[in-house]
Amino acid sequence: MATNPHHIVILGSGPAGLTAALYAARANLSPLLIEGPQPGGQLTTTTEVENFPGFAKGILGPDLMNEMREQALRFGTTIINGWVTKVELSDLPFKVVVDDGREEYSQTLIISTGATAKTLGLPRESEMMGFGLSTCATCDGAFFRDKEILVIGGGDSACEEGLFLTKFGKRVRIVLRREEFRASQIMQHRVKTHPKIEILYNQNLVEILGDRKTGVTGAVLEHSQTAERTQIEADGIFYGIGHHPNTELFIGQLPTDDNGYLVTEPDSSKTTIPGVFACGDVQDHVFRQAITAAGSGCMAAMEAERYLAALG
């Protein structure tokens, strides 16, 4: 057993993790934050962020995350780059194993490992992400006013994205790979009857057209039955095929809901294990916004501080 465990170890460096680190550091708890495989989280894959309070003219996603990182460092957070490969939550102190072989021990653990947007695995996805290709209508929809928009997917997520994007786009086309939706009947009815939505059945997105200079300019679709390919105009492409919560490390140790997200107590970041807290997209499949993630990171740090105080 470690003789001098950390007060707090934080897993993940998105808005939730960095906010938790800021609050914990300002409480003189000297948190250790392990960045994970994508330092800065999903916002590092976006360009302009206009809906995070405090930036009247907007801010680039990577710049926002760098500012949050520097703020956490300023107050005494220790940040290490690494990918956690194992956690042991059965005994105190909790044990965290990093991919370089080091072992860290802590009295409390804040899990902010986030969720990863599902993609199609097309060759140019990473190149075009944030340049007309997006996985978040709420985040990026306002950039496509009076534009041609494609939404990929056939479930409730795609329908919700499509309906939201009608507030901005000239036309929204939902691309379905089958002849029918997987979405609930009420969501199907809403998209089928909306005057700005067109549905393209039996189509698969196979190529994204454009480059980082021009942004997305179009797409190539392939008919799922005939394999006939069609090139269509598009200024923006939104994936509405869901997210995958990054909870693999905790399977069998912490409960998850039907969608794989960590379960926390109502109005709290507490999990079923005292001293273990979860915040951000790893436990939120409803809002998934940077500002709500940051808010839950604040909650987790404050609850961890109170837990430590109660331990004496």
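The values are calculated or read from the model by the stated rules, or taken from the named source; none is laboratory data. Since the model is a prediction, treat every value here as computed from it, not as a measurement. In this analysis, Cβ positions are derived from the backbone assuming ideal geometry, glycine residues included, and neighbour counts consider all displayed protein chains.
Out of Leu150, Leu120, Leu133, Leu165, I need the residue that is farther than 27 Å from Gly297 by Cα, surrounded by fewer than 17 Cβ atoms within 10 Å (Cβ to Cβ) and touching a residue at least 60 places away in the same chain (Cβ under 8 Å). Which one?
Only one candidate passes the filter, namely Leu120.
Any residue that is under 18 Å from the mean Cα position of the chain (by Cα), under 19 Å from Gly58 (Cβ atoms) and not in a helix (DSSP H, G or I) - is there at least one of those in the range 137-157?
no
Which residue, of Gly114, Gly101, Gly76, is under 14 Å from Ile34 (Cβ atoms), of a type outside the set (Val, Ile, Thr) and surrounded by 13 or more Cβ atoms within 10 Å (Cβ to Cβ)? First the steps, then the outcome.
Working: Gly101 fails: surrounded by 13 or more Cβ atoms within 10 Å (Cβ to Cβ); Gly76 fails: under 14 Å from Ile34 (Cβ atoms).
Just one listed residue meets the conditions, Gly114.
Kindly indicate whether Ser126 is hydroxyl-bearing (Ser, Thr, Tyr), in a helix (DSSP H, G or I) and in contact with a Gly (Cβ under 8 Å, 6 or more places away or on another chain).
no
Using the structure shown, decide if Asp100 is of a type outside the set (Phe, Trp, Tyr), modelled with pLDDT under 95 and not in a loop (DSSP other than H, G, I, E, B).
Against the criterion (of a type outside the set (Phe, Trp, Tyr), modelled with pLDDT under 95 and not in a loop (DSSP other than H, G, I, E, B)), Asp100 does not qualify.
Taking the range 273-312 as the search range and keeping residues that are under 30 Å from Ser157 (Cα atoms) and of a type in the set (Asp, Glu), which one is nearest to the chain's Cα centre (by Cα)?
Asp281
From the list Glu67, Glu103, which one is under 21 Å from Gly275 (Cβ atoms), assigned by TED's automatic domain parsing to the domain that holds Ala304 and either free of Cβ contacts under 8 Å to residues at least 12 places away in the same chain or not basic (Lys, Arg) (or both)? Let's see the steps before the verdict.
Values: Glu67 fails: under 21 Å from Gly275 (Cβ atoms).
Only one candidate passes the filter, namely Glu103.
Quick test of your reading of the structure: Met128 fulfils all but one of (1) surrounded by 19 or more Cβ atoms within 10 Å (Cβ to Cβ); (2) more than 23 Å from the chain's Cα centre (by Cα). Name the failing condition by number.
With respect to (1) surrounded by 19 or more Cβ atoms within 10 Å (Cβ to Cβ); (2) more than 23 Å from the chain's Cα centre (by Cα), Met128 is out only on (2).
If you scan the range 4-53, which residues turn out to be crowded, with 24+ Cβ neighbours inside 10 Å, hydroxyl-bearing (Ser, Thr, Tyr) and either in a loop (DSSP other than H, G, I, E, B) or within 14 Å of the chain's Cα centre (by Cα) (or both)?
Matches in the range 4-53: Ser13 only.
Filter the range 174-199 down to the residues that are closer than 16 Å to Ser224 by Cβ, buried (at least 17 other Cβ atoms within 10 Å of the Cβ) and over 23 Å from the mean Cα position of the chain (by Cα) and list them by number.
Across the range 174-199, the qualifying residues are Leu176, Arg177, Phe181, Ile199.
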